[in-house]
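In what follows, a structure is listed as structure tokens, so that the remarks can point back to it.
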Amino acid sequence: MLAHPDNQASMERYRRHAAGYDSSAERTMPLRLRTIALLDLQVGQVVLDVGAGTGLSYGPLLGAVGSTGRVLAFEQSPEMFELARQRVSRHGWQNVWHVNQPAETVQLPQVADAALFNYVHDITRTPAAVQNVLRQLKPGAPVALAGMKFFPWWTGPLNLLAWLKNRPYNAKAGDLWQPWSLLAAHLDDFRWLPTQAGMGYIGHGLFRGLPP
Ligand SMILES: C[S@@+](CC[C@H](N)C(=O)[O-])C[C@H]1O[C@@H](n2cnc3c(N)ncnc32)[C@H](O)[C@@H]1O
């Protein structure tokens with residue numbers, strides 16, 4: 001089956017970004033750790049890393065779920081996934097299950113207790129992707145997400161900057177007003193707060209379960 005043009009566009013972007021991704025993402029490590037902390041992970045839990053990229057979140061997630069827990073992950077870009085695969089083998093992690101597949105069709109080996117959506121805008125803005133991921137989470141699962149958003153509308157031209165920063169990474173670059181909305185519709189107690197002077201956000205809530 002041919003990939004959707006947005007998936008294709010995203011994979012082309014990450015073909016170019018993969019080699020430099022880890023060094024460019026280093027400065028946002030505190031934000032990543034803050035987002036992961038919102039999952040309130042417990043030892044022994046199964047946590048899903050959505051659109052895992054090069055696997056930069058695997059270490060902190062494994063640190064939280066311990067040797068009796070498990071990280072499940074998927075990533076559609078072959079180049080990003082290859083770096084994640086190398087990371088796992090370099091560290092000798094036994095309790096990471098990950099595959100090179102898109103969010104729209106991935107099948108996890110078990111349901112997850114919690115899910116991280118860290119800077120995966122193209123996934124959080126794709127209804128079929130959100131639906132396929134959510135159906136593989138336990139009702140009540142904590143979900144945390146972070147990403148870019150537009151500044152408030154009254155800041156006007158500043159949003160050109162947000163769009164320009166988003167465009168090299170995301171196929172759905174303009175969809176930045178409420179990037180959390182598709183997920184938030186399925187979360188109880190959803191809250192979000194601005195980060196990076198208003199150009200980013202962190203959100204979290206508890207998965208309500210999908211209607212039958
Ligand atoms: C900005 S990176 C974030 C990677 C990782 N979550 C992190 O925190 O470092 C966005 C990732 O989402 C992946 N992605 C985009 N659309 C996807 C899809 N439909 N299915 C799976 N992965 C996707 C990209 O290939 C890319 O690796």
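The values are calculated or read from the model by the stated rules, or taken from the named source; none is laboratory data. Keep in mind the model is a prediction, meaning the values are calculated, not measured. Neighbour counts are summed over all protein chains in view; Cβ atoms, including those assigned to glycine, are modelled from backbone coordinates with ideal geometry. When the accessible area is computed, the model is the full protein with side chains, heavy atoms only, and any ligands, DNA or RNA have been set aside. Shrake-Rupley method; radii C 1.70, N 1.55, O 1.52, S 1.80 Å.
Worth pointing out:
- Scanning segment 70-104 for residues that are farther than 23 Å from Ser23 by Cα and either assigned to a loop (DSSP other than H, G, I, E, B) or among the aromatic types (Phe, Trp, Tyr) (or both) returns Gln94, Asn95, Trp97, Gln101, Pro102, Ala103, Glu104.
- Of all residues in segment 193-212, those being of a type outside the set (Val, Ile, Thr) and farther than 14 Å from Pro152 by Cα number 10.
- Residue match in segment 25-41 (condition: within 10 Å of the ligand (Cβ to nearest atom) and under 21 Å from Ser89 (Cβ atoms)): yes
- Filter result for Gln101 (touching a residue at least 40 places away in the same chain (Cβ under 8 Å), more than 16 Å from His121 (Cα to Cα) and in contact with a strand residue (DSSP E or B) (Cβ under 7 Å, 6 or more places away or on another chain)): no
- Sub-6 Å Cβ pairs linking a first residue in segment 45-72 that is more than 23 Å from Arg135 (Cα to Cα) and in contact (Cβ under 8 Å) with a residue 12 or more places away in the chain to a second residue that is open to solvent by 10 Å² or more (accessible area, probe 1.4 Å) and not in a helix (DSSP H, G or I), at least 6 apart or interchain, are Ala64/Leu41; Gly66/Val43; Thr68/Gly44, ordered by first then second residue.
- Members of segment 1-32 found to be of a type in the set (A, V, I, L, M) and open to solvent by less than 90 Å² (accessible area, probe 1.4 Å), listed by number: Ala3, Ala9, Met11, Ala18, Ala25, Met29, Leu31
- Candidates are the residues of segment 135-152 that are touching a helix residue (DSSP H, G or I) at 6+ places or on another chain (Cβ under 8 Å) and not small (Gly, Ala, Ser); the one that is modelled with the lowest pLDDT is Pro152.
- Failed item, numbered, when Thr155 is tested on (1) at pLDDT below 95; (2) within 15 Å of the ligand (Cβ to nearest atom); (3) of a type in the set (Val, Ile, Thr): (2)
- Conditions (1) farther than 22 Å from Val46 by Cα; (2) in contact with a helix residue (DSSP H, G or I) (Cβ under 7 Å, 6 or more places away or on another chain): number failed by Asn118: (1)
- Candidates Val111, Val120, filtered to the one that is over 24 Å from Met11 (Cβ atoms), aliphatic (A, V, I, L, M) and either near the ligand (Cβ under 9 Å from one of its atoms) or touching a residue at least 12 places away in the same chain (Cβ under 8 Å) (or both): Val111
- Restricting attention to segment 57-69, the residues that are crowded, with 21+ Cβ neighbours inside 10 Å and assigned to a loop (DSSP other than H, G, I, E, B) add up to 1.
- Which numbered condition Ile123 fails, given (1) part of a loop (DSSP other than H, G, I, E, B); (2) in contact with a Phe, Trp or Tyr (Cβ under 7 Å, 6 or more places away or on another chain); (3) β-branched (Val, Ile, Thr): (1)
- Residue match in segment 74-90 (condition: open to solvent by less than 30 Å² (accessible area, probe 1.4 Å) and small (Gly, Ala, Ser)): yes
- Screening Phe150 with (1) open to solvent by less than 10 Å² (accessible area, probe 1.4 Å); (2) more than 15 Å from the ligand (Cβ to nearest atom) gives one miss only, at (1).
- Count - residues of segment 163-212 that are under 21 Å from Arg27 (Cβ atoms), in a loop (DSSP other than H, G, I, E, B) and not hydrophobic (A, V, I, L, M, F, W, C): 5
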